Amino acid sequence: MVYRIITYKDKESDVLFQPPKKIDDFGKSFQSLVKDMKETFLSSEEALGLAANQLNLDKAVCIVKLKKGVEIFCNPEIVSLSKEKETMEEGCLSFPNIFLMVPRAKEISVVYQDIKGKKKKINASGLEARVLQHEIDHLNGIAFLERGK
């Protein structure tokens, strides 16, 4: 099932500014939800990432396109940010046709759980770090508009 992506113009757009609930049950219904999220993500050619609250889902999960493929991040948390920043243009599926220059850390470390609940850590740099920061911001109720110039 492909979900409709919530935009800032939708009546339910307040979900874009509210942190979703942490995942504690990685069972069948969650697996089905992640499958549908991934299908939705893959249906959008320009998507580099997608957070559950962009689909009006109250779960702390996001999907990010990495060099090695598409990765699911459950309950992600940034545990370190480099002092060195890089400013680049960003857009967002929930804010169509809006692009801003956004400063972000060049390198980050993220702890998260995979779709089975196993704890993991990833170190990311460049575009991957930027996309992760953008999606984790979504899961913290922060839109890129708040970070942009």
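Results, tabulated for the structure shown:
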{"quantity": "Gln54 being more than 26 Å from Arg4 (Cβ to Cβ), surrounded by 15 or more Cβ atoms within 10 Å (Cβ to Cβ) and in contact with a Cys (Cβ under 9 Å, 6 or more places away or on another chain)", "calculated": "no"}
{"quantity": "Single residue of the range 64-78 satisfying the filter (modelled with pLDDT under 95 and hydrophobic (A, V, I, L, M, F, W, C)) that is farthest from Asp36 (Cα to Cα)", "calculated": "Leu66"}
{"quantity": "Residue match in the range 110-118 (condition: surrounded by 20 or more Cβ atoms within 10 Å (Cβ to Cβ), in contact with an Asp or Glu (Cβ under 8 Å, 6 or more places away or on another chain) and without any contact (Cβ under 8 Å) to a residue 40 or more places away in the chain)", "calculated": "yes"}
{"quantity": "Any chance Lys38 is out of contact with any helix residue (DSSP H, G or I) (no Cβ under 6 Å at 6 or more places or on another chain), in a strand (DSSP E or B) and either surrounded by 20 or more Cβ atoms within 10 Å (Cβ to Cβ) or not hydroxyl-bearing (Ser, Thr, Tyr) (or both)", "calculated": "no"}
{"quantity": "Sole residue being in contact with a Lys or Arg (Cβ under 7 Å, 6 or more places away or on another chain) and among the charged types (D, E, K, R), chosen from Lys11, Lys38, Lys59, Lys28", "calculated": "Lys59"}
{"quantity": "Number of positions in the range 134-148 that are touching a Leu at 6+ places or on another chain (Cβ under 9 Å), modelled with pLDDT under 95 and part of a helix (DSSP H, G or I)", "calculated": "2"}
{"quantity": "Qualifying positions in the range 45-71 - in contact with a helix residue (DSSP H, G or I) (Cβ under 9 Å, 6 or more places away or on another chain), more than 14 Å from Leu127 (Cα to Cα) and part of a loop (DSSP other than H, G, I, E, B)", "calculated": "Asn56, Leu57, Asp58, Lys59, Ala60"}
{"quantity": "Single residue of the range 120-133 satisfying the filter (part of a strand (DSSP E or B) and among the polar types (S, T, N, Q)) that is farthest from Glu90 (Cα to Cα)", "calculated": "Asn123"}
{"quantity": "Whichever residue in the range 72-119 is assigned to a loop (DSSP other than H, G, I, E, B) and of a type in the set (Ser, Thr, Tyr) and, among such residues, is farthest from Leu145 (Cα to Cα)", "calculated": "Ser82"}
{"quantity": "Residue list for the range 1-35, filter: under 14 Å from the mean Cα position of the chain (by Cα), in a loop (DSSP other than H, G, I, E, B) and surrounded by 15 or more Cβ atoms within 10 Å (Cβ to Cβ)", "calculated": "Ile5, Ile6, Pro20"}
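The values are calculated or read from the model by the stated rules, or taken from the named source; none is laboratory data. Quantities reported herein were computed from a predicted structural model and do not represent experimental measurements. FYI the Cβ positions are ideal-geometry reconstructions off the backbone, even for glycines, and counts take in every protein chain you see.
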